Amino acid sequence: MLLDEVPQGILVIDAAGIVNYANLAMSVLFPEHSVRLHARLADQAGMEDITALVRDAVQGQQRVRSEVRVVFQAGRNTVEERVYVAVAAPLIDMPVGGAWVMVEDVTERALTEQIRKDFVTNASHELRTPLSLIHGYIETLKSGMIKSTASLHRCLEVMEKHSKRMMRIIEDMLTISRLESGDAQLRRETFLVRGCVEDVLEHLTPLIEARHPEIVVNFPATNGKLEGDRFYWDQIFTNLIENALKENPNPGLRITISGVWSPEECILTVADNGIGIAAEDVPFVFKRFFRCAKHHSQETKGTGLGLSIVKRAVEAHGGTIELHSLPGVETAFVMRVPL
Ligand code: ADP
């Protein structure tokens, strides 16, 4: 039947509320509550909202549309909410009377929309903090209360620090948005990964000198090449190595950056033996603006965007990233990139 080919679920309900027809997609969309034919829709589990919609369509003799949320048992202890848009319209001029219903699964769209809203809220919040601080200092300067050059200098330094933070947040947001909108056109070139890592370490010299960690760089003696966009790989290694340095002020820090090549893929790892990431934070670290609770102080240098950039940049190269953390022993970010 032709209607079994369409991705939307389609139902025909007669004037007595009995299901006369359900296409294949209905059972795909509602795996748990597969709709029974020749039974009343109102008696079927999970169909409450759709039944109400059909009633509105029949009583009002007009097309009606509504968002329907259904909670499924996704695993033994997990439930998952799926979001549907359902349209119902009366079957005018048909002997059965009743109504037809079309159901579309919009869960992914709803999720994307939610992420977008959260992003705008978080971004505004993150930008407002440094901006209000700068504003405060401008007010102080205008009031003429600051007399000494030294205090003036301190004021300007703080303002500079916060404006740099705002710049960094904006740059990070632009990078994420480029990566997510799919128009991150990768400028692919073949490069030696070790070379990229060495450049990054050079850029991070001031932080390395402040932390004086032991740094182990372990790549194949010959080759060890990747075809990808060096701009993003610089960012990936910068963010990962910078995090390892930034999060671990205690002495005895060791950072290992390594790469292993096979014919199909290369596995790149950035690991440290520092304070690590608590198990409950691990599922969230790649989310935008997420920072582990212990770092929620004014002094935090990060934007909470570093790891989400890393994840999306690795994915733009067809790869994956995993995090394993045993606090105090090893925290490793492992990337697998197809060759
Ligand atoms: P930020 O810009 O704040 O560093 P990230 O997205 O890069 O944001 O990282 C998110 C959080 O994950 C950080 O706030 C930090 O608490 C934690 N984190 C990341 N890498 C490490 C690491 N190597 N060791 C300990 N914590 C880390």
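The values are calculated or read from the model by the stated rules, or taken from the named source; none is laboratory data. No experiment lies behind these values; they were computed from the predicted model shown. Cβ placement follows ideal geometry from the backbone for every residue including glycine, while neighbour counts extend to all protein chains displayed. Calculation scope for accessible area: heavy atoms of the full protein, side chains included, ligands and nucleic acids excluded. Shrake-Rupley method; radii C 1.70, N 1.55, O 1.52, S 1.80 Å.
Taken together, V85, V120 contain a single residue that is assigned to a helix (DSSP H, G or I) and among the aliphatic types (A, V, I, L, M), which is V120. Pull up the stretch 316-339, narrow it to residues that are of a type in the set (D, E, K, R) and more than 20 Å from K225 (Cβ to Cβ), then point me to the one that is nearest to the ligand (Cβ to nearest atom). Per the criteria, the residue is E330. Looking at M167, M173, just one residue is under 17 Å from L305 (Cα atoms) and open to solvent by 100 Å² or more (accessible area, probe 1.4 Å), and that residue is M167.
Within the stretch 217-245, if we keep just the residues that are open to solvent by 60 Å² or more (accessible area, probe 1.4 Å) and either touching a residue at least 40 places away in the same chain (Cβ under 8 Å) or assigned to a loop (DSSP other than H, G, I, E, B) (or both), the residue that is farthest from the ligand (Cβ to nearest atom) turns out to be T222. Just one of the listed residues (E209, E214) is farther than 21 Å from V310 by Cα, within 16 Å of the ligand (Cβ to nearest atom) and among the acidic types (D, E), namely E214. Against the list (1) near the ligand (Cβ under 8 Å from one of its atoms); (2) within 27 Å of T121 (Cα to Cα), the condition A279 fails is (1). State whether one or more residues within the stretch 183-193 are part of a helix (DSSP H, G or I) and farther than 14 Å from F231 by Cα. No. Listed by first and then second residue, the pairs linking a residue in the stretch 72-87 that is at pLDDT 85 or above to a residue that is open to solvent by 20 Å² or more (accessible area, probe 1.4 Å), with Cβ atoms under 6 Å apart and 6 or more places separating them unless they lie on different chains, are V83/R69; V83/A110; Y84/D105; V85/E67; V85/E104; A86/S66; V87/R65; V87/M102.
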